[in-house]
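K.L.:
Got a structure here, written out as structure tokens. Questions coming.
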2 protein chains.
Amino acid sequence: MNPKIRKPNNSSSKKVTVSVLSVFLVFVFVNTFFYPSFYSDSGSIRRNLVDSRESFHFPGNFRKTKVYMYELPTNFTYGVIEQHGGEKSDDVTGLKYPGHQHMHEWYLYSDLTRPEVKRVGSPIVRVFDPAEADLFYVSAFSSLSLIVDSGRPGFGYSDEEMQESLVSWLESQEWWRRNNGRDHVIVAGDPNALKRVMDRVKNAVLLVTDFDRLRADQGSLVKDVIIPYSHRIDAYEGELGVKQRTNLLFFMGNRYRKDGGKVRDLLFKLLEKEEDVVIKRGTQSRENMRAVKQGMHTSKFCLHLAGDTSSACRLFDAIASLCVPVIVSDGIELPFEDVIDYRKFSIFLRRDAALKPGFVVKKLRKVKPGKILKYQKVMKEVRRYFDYTHLNGSVNEIWRQVTKKIPLIKLMINREKRMIKRDGSDPQCSCLCSNQTGIIHGV
Amino acid sequence: MNPKIRKPNNSSSKKVTVSVLSVFLVFVFVNTFFYPSFYSDSGSIRRNLVDSRESFHFPGNFRKTKVYMYELPTNFTYGVIEQHGGEKSDDVTGLKYPGHQHMHEWYLYSDLTRPEVKRVGSPIVRVFDPAEADLFYVSAFSSLSLIVDSGRPGFGYSDEEMQESLVSWLESQEWWRRNNGRDHVIVAGDPNALKRVMDRVKNAVLLVTDFDRLRADQGSLVKDVIIPYSHRIDAYEGELGVKQRTNLLFFMGNRYRKDGGKVRDLLFKLLEKEEDVVIKRGTQSRENMRAVKQGMHTSKFCLHLAGDTSSACRLFDAIASLCVPVIVSDGIELPFEDVIDYRKFSIFLRRDAALKPGFVVKKLRKVKPGKILKYQKVMKEVRRYFDYTHLNGSVNEIWRQVTKKIPLIKLMINREKRMIKRDGSDPQCSCLCSNQTGIIHGV
């Protein structure tokens, strides 16, 4: 006997679907605007426990970090683009930001001016009421300002004047003064950006490419975020492997540099004679960029040498080109190093080891194709972190890194408000120290 | 005409309830073991991007921090309790941990030995496979060991020997050596705990009550976590307000102390004569604890003076007693200061201001009852953070603070593995500096 299987009547299955869908939508909504975990702490500054304006914020509800971007006077943003172009414009906001290696300031600014619905996957949300903000973003084009200042056809433009007026404007803001700039984020990608006013902005989280021009109490891994240069070379989209990469090692750049860059001339002398090494002098020009692209896309390894400072754009050009970076820059700091283990796709050489005749090429020739392929695969996965145009690339990761600073920012704010000023002028520093155990790294 | 309202037949409403419940259970399950947000970064060390054992971990799924607690030889835990008791025991694990002001090590150890289902609201989950762990917890009873060593009827016990053997055991562990101790958490609550071996454990996250006995490269707010003493005085459960608190100011403790504690004798002289101030000498005894409880529960303000070090248990006794702390300890560090703004319920006085005759009592007498009530309300809300027995108290907050260190821990691990050792012996430090702007705080 075939038991009569009652077909579920139409209306009840509709009800089931509707209720499951509604619970699911609640789940998605809560997850988009909040990180609904019942137990872990939130990253919010403003809603600080025992904060006078709020009753207690109980740890347990994550939510996106709220960032307020100042409406800066246009002379700190589009006005700089206008100066760079050398022509007066009726509507500066229509001007196009010029391409160069420190475009981070432009991409971060555009990220925050995009409609929220387009800012997919961002760990932050822009707020327009400063009273709601956890962090305050200062979007001045401090790197482009340096380019305009360096003798471009400006209207007698002065980067130092821009810096002074920016900081005076900032210091007139109630929200800057409230916590002495601690909860502010300032982009200063070029190592020389904001140099003149650094002592007045050093409390803020600085977005920088290295610390070489900063004192220890001005910039550090603990307070600030190391950001990538915006790579100038197109990403390599060809096949992985070594077949197409007939050249062993590639480098193009200035031969003579200050400070840590002195190693360049020495290495030029050692490597120029090697037949499968291309090491050429070259300054920034459209033509040379084509030569660099050609060189990086057809080489197995790309040499990264310290320049005036330890960082340089070519490291990110190399990663985009899937050309294994060979880094000879002892003091280099690298972006996002808490989530990226650079040893998985780069080779670090001690400066003095690299200067031994034949050392570099002998070492690189020994690296097996399989290993190079492995390096390339890792680079292919990780290069989105160095792509400012990627939907979940450099911009989102920079905001994530900034968000991770919030606990220390909040601690410093509360502590400095009750701390008794110590006698003596030494800054009172909390540090994270490294490498006292004398371990010899690199090769 | 009364439209016939079709009563939903029984089975379809059952179906709706079942499906909604099942979706909800999925939601709760995912939230208990994961923090399911689609976009933000995870705090995991082990699953480091580009980590060789794992394919890429993509930012987007939070999950609880995984902590592995070493199964230490019992001489580092229950063996210390046995020594403290002065009698040999057949089963040391049955012994009761003695009460004292540094019981944090016991509460953290018991938290991790409790069944997971009881560890409600914890931001961490204990794992029993070290390969899975993000962090490694070393539960040695380093503070009790100091008490046993200080002349108790032990069996010729030596705390320094315990320290040496603990660190030798630790250095023999593969997981310690893997990242040079960076991903380890060690409790050392007593300011003198693990002092002899500090240079060999300084890479780890230290759980300490102050940094006074540590060099800047051994301990700091950036690397380590300031934890509360376990308060000895019962929490005040009576009515808020000043009626029952007839006494203005209370202090009981040693009159003569080293270092920062010299202020005590001076203040004794100034305050002894004030009729509504109780300032008495007293060492740790059961009887004195009753007197302190009586004093703190019936006073509006409780004086916290630096002792041998800047921190002391009485600050936490005062908070538990809802007795407004008056802190005269310039260099004091305070637990959980990123989520707690101590100015909301404490009064900070500069040392030299406090030593002006009449200054302290004049200032406290001016504080209005309404203000004292406000301080008490805030203390009542915040004191669970200083209660090691509270379900969501000190223990959970310590684990949350430890979890917030993970990004910097991961960064240091990756960085130190590729960093070239610098010439010269100075430690290479990344710092967060404070108070160079000469702002005078306190009163």
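Every read-out reported here was derived from the displayed coordinates using simple, explicitly stated rules and does not represent laboratory data. All values reported here derive from a predicted model rather than from experimental measurement. We place every Cβ from the backbone using ideal geometry, glycine too, and count neighbours over all the protein chains shown.
K.L.:
Placing unit charges on C-beta atoms (Lys and Arg positive, Asp and Glu negative, everything else neutral), compute the dipole magnitude of the stretch A:247-386 about its Cα centre in debye, rounded to 20.
P.N.:
500 debye
K.L.:
Could you work out Rg/(2.2 N^0.38 Å) for the stretch B:65-226, with Rg from alpha carbons only?
P.N.:
1.01
K.L.:
Report the relative contact order of the stretch B:247-386, percent, no decimals, based on alpha-carbon pairs under 8 angstrom and at least 6 residues apart.
P.N.:
25 percent.
K.L.:
Could you list A:D276, B:D190, A:D129 in order of exposure, starting from the residue whose Cβ has the fewest other Cβ atoms within 10 Å?
P.N.:
Ordered by Cβ neighbours within 10 Å, fewest first: A:D129, A:D276, B:D190.
K.L.:
Take peptide B:405-412, look around each residue's Cβ out to 10 angstrom, count Cβ atoms belonging to other protein chains, and average those counts.
P.N.:
Mean inter-chain Cβ contacts per residue within 10 Å come to 6.
K.L.:
Label-to-label distances across copies for A:K371, with labels 7 Å out along Cα→Cβ, in nm, shortest first?
P.N.:
6.9
K.L.:
Next question. Determine, from the Cβ-Cβ distance of B:D129 and B:K273 and an R0 of 51 Å, the FRET efficiency 1/(1 + (r/R0)^6), rounded to the nearest 0.05.
P.N.:
For B:D129 and B:K273, the calculated efficiency is 0.20.
K.L.:
Gap in Å between the Cα centre of the stretch A:159-216 and the Cα centre of the stretch B:142-208?
P.N.:
Cα centroid of the stretch B:142-208 versus Cα centroid of the stretch A:159-216: 42 Å apart.
K.L.:
Using a Debye calculation, one point per C-alpha and no hydration shell, please list log10 I(q)/I(0) for the stretch A:79-149 at q = 0.19 Å⁻¹ in order.
P.N.:
-0.89
K.L.:
Can you pull out the trypsin sites (Lys or Arg not before Pro) in the stretch A:311-402 that DSSP calls coil and that have at most 15 other Cβ atoms within 10 Å?
P.N.:
Passing both the DSSP loop test and the Cβ count: A:K366.
K.L.:
Further, regarding this structure: Note the distances from B:K243 to each other copy's matching label point, with points 7 Å along the Cα-to-beta-carbon direction, in nm, sorted shortest first.
P.N.:
Label point to label point, same position, other copies: 9.1 nm.
K.L.:
OK, next. How many partner chain Cβ atoms sit within 10 Å of a residue's Cβ in peptide B:157-165, on average, as a whole number?
P.N.:
That average works out to 0.
K.L.:
Only bridges whose two residues both fall in the stretch A:247-386 count here: according to DSSP, what percent of them are antiparallel, nearest 5?
P.N.:
The antiparallel fraction comes to roughly 0 percent.
K.L.:
Here is a follow-up. Quantify how strongly other chains surround peptide B:201-212 by giving the mean number of their Cβ atoms within 10 Å of each of its Cβ atoms.
P.N.:
For peptide B:201-212, the averaged partner shielding equals 1.
K.L.:
Can you list, shortest first and in nm, the gaps between the label point of B:K417 and those of its counterparts in the other copies, using a point 7 Å from Cα in the C-beta direction?
P.N.:
From this label point to the equivalent ones elsewhere in the assembly: 4.0 nm.
K.L.:
Can you list, bin by bin at 10 Å, the percent of alpha carbon pairs in the stretch A:139-285, starting at 0?
P.N.:
9, 27, 29, 20, 11, 3, 0
K.L.:
Order by neighbour count: B:R119, B:R182, fewest other Cβ atoms within 10 Å first, most last.
P.N.:
Fewest-to-most ranking of B:R119, B:R182: B:R119, B:R182.
K.L.:
Count the lysine pairs in the stretch B:65-226 whose Cα atoms sit under 21 Å apart, keeping only pairs 8 or more residues apart in sequence or on different chains.
P.N.:
Pairs that pass both the separation and distance tests number 6.
K.L.:
If the viscosity is 1.002 mPa s and the temperature 20 °C, what translational diffusion coefficient in µm²/s does Stokes-Einstein give for the stretch A:247-386 when Rh comes from Kirkwood over Cα pairs?
P.N.:
So the translational diffusion coefficient is about 142 µm²/s.
K.L.:
Which order do A:S172, A:S394 fall in if you start with the one that has the fewest other Cβ atoms within 10 Å?
P.N.:
Ascending Cβ contact count within 10 Å gives the list A:S172, A:S394.
K.L.:
In whole Hz, with x marking every Gly and Pro, tabulate ³J(HN,Hα) for the stretch A:194-206 from phi via Karplus 6.51 cos²θ - 1.76 cosθ + 1.60, θ = phi - 60°.
P.N.:
Per residue, the Karplus-derived 3J(HN,Hα) values read 6, 4, 5, 10, 4, 5, 8, 10, 5, 5, 6, 6, 9 Hz.
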